[in-house]
Amino acid sequence: MAAGLTRRRIWPTAYGHMARSVILESTLRCDRCRFTPRWCICGGYQAVTSPLQVDVLIHRREFWRPTSTGRLINRVMPASRGHVFEREAPPHREAIVAPDRELWVLHPRGEAMPAGVAPSGVQVLLLDGSWREAAAMLPVVEGWGRKVRLPMTGPSRYWLRAQQEGGKYSTIEALMFLLDVLGRPEEAAQLRLQFELHVYAGLRTRGAKALADDFLATSPLREAMPDLLRQMDVRRPNV
């Protein structure tokens, strides 16, 4: 088997140990991006650094979903941290909260975002999962810090899942908006490219080429990664 490819589901060490049997997948996937070799996007990988401390609390069900943008954040932001939420063994505050920063838990029902805050003094905790799963995680962590809402507007670009209802965005889109508001537009733009590439490859993986073309028509990927997009259009074996 080629290096960097696996059929096994493994808990990455960044998420800590969890008691779970190893399950064999029928599809060969890249260890990094989790796409099949045909749609591997590692050629477009660009690490994103930020003074903002980013932590992702990901529901255990969401962890296995290839469309998860929480795992995408942890992959492209090396300094970020990931924590898997299990109802039977919820996380402890001291294992996540940084003592030298103010913790913000992003949520639509939080208070208005404070103005004039330096990102170097903030730690953001992102809840990654379905809306029902995020609702289950919130009571565990909302007392750890300040629950903050973002005035996000416009349509979601998360075409891999139904986000048509107003005010619903993916985890990574919330982080991009936060970076913009905190005065870090370059980091938000770098993160957006990784997100758009993730969505585009996900659509192509599903065979939804027409939808992927529609997505690409308004994507910054066309100018930022034209060579990679051309390579992805060349037929390659799946294994």
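Is there any pair with a first residue in the stretch 205-226 that is polar (S, T, N, Q) and a second that is part of a helix (DSSP H, G or I) and surrounded by 13 or more Cβ atoms within 10 Å (Cβ to Cβ) whose Cβ atoms are under 6 Å apart and which are 6 or more apart or on different chains, and what are they?
Here the result reads Thr205/Trp39; Ser219/Glu196, each pair linking the stretch 205-226 to a residue that is part of a helix (DSSP H, G or I) and surrounded by 13 or more Cβ atoms within 10 Å (Cβ to Cβ).
Taking the stretch 51-99 on its own, how many of its residues are hydroxyl-bearing (Ser, Thr, Tyr) and either surrounded by fewer than 21 Cβ atoms within 10 Å (Cβ to Cβ) or over 19 Å from Leu193 (Cα atoms) (or both)?
Counting residues in the stretch 51-99 that are hydroxyl-bearing (Ser, Thr, Tyr) and either surrounded by fewer than 21 Cβ atoms within 10 Å (Cβ to Cβ) or over 19 Å from Leu193 (Cα atoms) (or both) gives 1.
What are the residues in the stretch 133-159 that are of a type in the set (A, V, I, L, M) and at pLDDT 95 or above, if any?
Met137, Leu138, Val140, Val141, Val148
If Gln231 satisfies all but one of (1) crowded, with 19+ Cβ neighbours inside 10 Å; (2) in contact (Cβ under 8 Å) with a residue 40 or more places away in the chain, what's the number of the condition it fails?
The one condition Gln231 does not meet is (1).
Restricting the search to the stretch 111-140, which residues are surrounded by 12 or more Cβ atoms within 10 Å (Cβ to Cβ) and of a type in the set (Asp, Glu)?
Asp128, Glu133
Within the stretch 152-162, can one find any residue that is without any contact (Cβ under 8 Å) to a residue 60 or more places away in the chain, out of contact with any His (no Cβ under 7 Å at 6 or more places or on another chain) and open to solvent by less than 30 Å² (accessible area, probe 1.4 Å)?
Scanning the stretch 152-162, I find at least one residue that is without any contact (Cβ under 8 Å) to a residue 60 or more places away in the chain, out of contact with any His (no Cβ under 7 Å at 6 or more places or on another chain) and open to solvent by less than 30 Å² (accessible area, probe 1.4 Å), so the answer is yes.
What are the residues in the stretch 141-151 that are open to solvent by 50 Å² or more (accessible area, probe 1.4 Å) and β-branched (Val, Ile, Thr), if any?
Those that are open to solvent by 50 Å² or more (accessible area, probe 1.4 Å) and β-branched (Val, Ile, Thr): none in the stretch 141-151.
Out of Arg38, Arg29, Arg7, Arg34, which single residue is loosely packed, with under 15 Cβ neighbours inside 10 Å, modelled with pLDDT under 95 and over 26 Å from Ala136 (Cα atoms)?
Arg7
Would you pick out the residues in the stretch 61-117 that are out of contact with any Ser or Thr (no Cβ under 7 Å at 6 or more places or on another chain), in contact (Cβ under 8 Å) with a residue 24 or more places away in the chain and acidic (Asp, Glu)?
Glu86, Glu102, Glu111
Which ones in the stretch 183-218 are open to solvent by less than 20 Å² (accessible area, probe 1.4 Å) and more than 18 Å from the chain's Cα centre (by Cα)?
If the condition is that a residue be open to solvent by less than 20 Å² (accessible area, probe 1.4 Å) and more than 18 Å from the chain's Cα centre (by Cα), then Ala212, Phe215 are the ones that fit.
The values are calculated or read from the model by the stated rules, or taken from the named source; none is laboratory data. Please read these numbers as outputs of a predicted model, since none were measured by experiment. All Cβ positions, even for glycine, are placed from backbone atoms using ideal geometry, and neighbour counts span all protein chains on display. We work out accessible area using only protein heavy atoms, side chains counted, and drop any ligands, DNA or RNA first. Shrake-Rupley method; radii C 1.70, N 1.55, O 1.52, S 1.80 Å.
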